[in-house]
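Report on the structure given below.
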Amino acid sequence: MTESTDVPPLAGPVAPSLNFLILLLIFSVLGIGLRQEWLSGSGAAFVFVFTAWVLSLCLHEFGHAYIAWKGGDDEIPATGYLTLDPRRYADPIFSIVMPLIFTILGGIGFPGGSVLVDRERLASRVWQSAMSAAGPAMNALFLLFLLLLYRFASEEADALREALAIAAFFQGTAIVLNLLPIPGLDGYAILHPWLPPDVQAVGGRIALHAGLILMGLFVFSNAFGRAVSRAGLAIAAAMGFAPADIRAGYAAIQLW
């Protein structure tokens, strides 16, 4: 049977929640404080960078939900996924605790959050792949946003530029991790619609433990962690962030 790409027009609430706007306000105030040197120290830089991470998480999951909605899942508006409210996406362990630990100890943007999408409602396999790719695409757009702030920041605003640079590095590592073809991550989900049913079935079982698999790779393979870090650094540097600012930014967010 030929898959149709005609999707009926849908309507629904696409507006930022108060929680998202509060996060954006915190990010803005801290950014101004760092630029004007009203704020200093590891605490301010860390909160700024971690707020940027949560904002990117919201945008990542919004991207998945928005494309799923446009692709035919008309139940998405009722989920609240289109409001950018972090409470709709956050898993307390994998969205908050693990990213925090990896940020402090490992310097890696650990993937977190999730939206529940009924793939069967999407109009075609192309829409399914597009829905999965939308999350990393939003990370890339947020990285461009950070680059604009970085470019407009004064050369004398060292604290802000360093915080933006390390935030960009975390986005780079998040893009790398999310695009890995491991079940449970977006890279595999992009390929999923095109795989044989038996492979999809195995992948579905593995996906249930994606978080633990990633943790195991980092804990038991130093080479894996180094490769991800180097890839994230390469992405941020290629975008125009100075490696020296990234290193200084990582030192600046250390809480000890």
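In table form, for the structure just shown:
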item	result
Checking Asp186 against (1) free of Cβ contacts under 8 Å to residues at least 40 places away in the same chain; (2) farther than 25 Å from Gln36 by Cα, the condition it does not meet	(1)
Qualifying positions in the stretch 201-256 - free of Cβ contacts under 8 Å to residues at least 40 places away in the same chain, in contact with a helix residue (DSSP H, G or I) (Cβ under 6 Å, 6 or more places away or on another chain) and closer than 24 Å to Phe46 by Cα	Ala237, Pro243
Among the candidates Leu34, Leu25, residue that is surrounded by fewer than 18 Cβ atoms within 10 Å (Cβ to Cβ) and assigned to a helix (DSSP H, G or I)	Leu25
Residue list for the stretch 188-225, filter: surrounded by 13 or more Cβ atoms within 10 Å (Cβ to Cβ), among the hydrophobic types (A, V, I, L, M, F, W, C) and under 17 Å from Val176 (Cα atoms)	Ala189, Ile190, Leu191, Ala210, Ile213, Leu214, Met215, Leu217, Phe218, Phe224
Top-ranked residue of the stretch 21-35 - restricted to ones that are touching a residue at least 12 places away in the same chain (Cβ under 8 Å) and of a type outside the set (A, V, I, L, M, F, W, C), ranked as nearest to Leu57 (Cα to Cα)	Gly31
Candidate set: the stretch 122-160, residues that are in contact (Cβ under 8 Å) with a residue 60 or more places away in the chain and charged (D, E, K, R); chosen: the one surrounded by the most Cβ atoms within 10 Å (Cβ to Cβ)	Asp158
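Values quoted throughout were computed directly from the atomic coordinates according to the rules given, and no laboratory measurement underlies them. Here the structure is a predicted model, which means the values were calculated and not measured. A quick note on method: Cβ atoms are made from the backbone with ideal geometry, for glycine too, and the neighbour counts reach across all protein chains shown.
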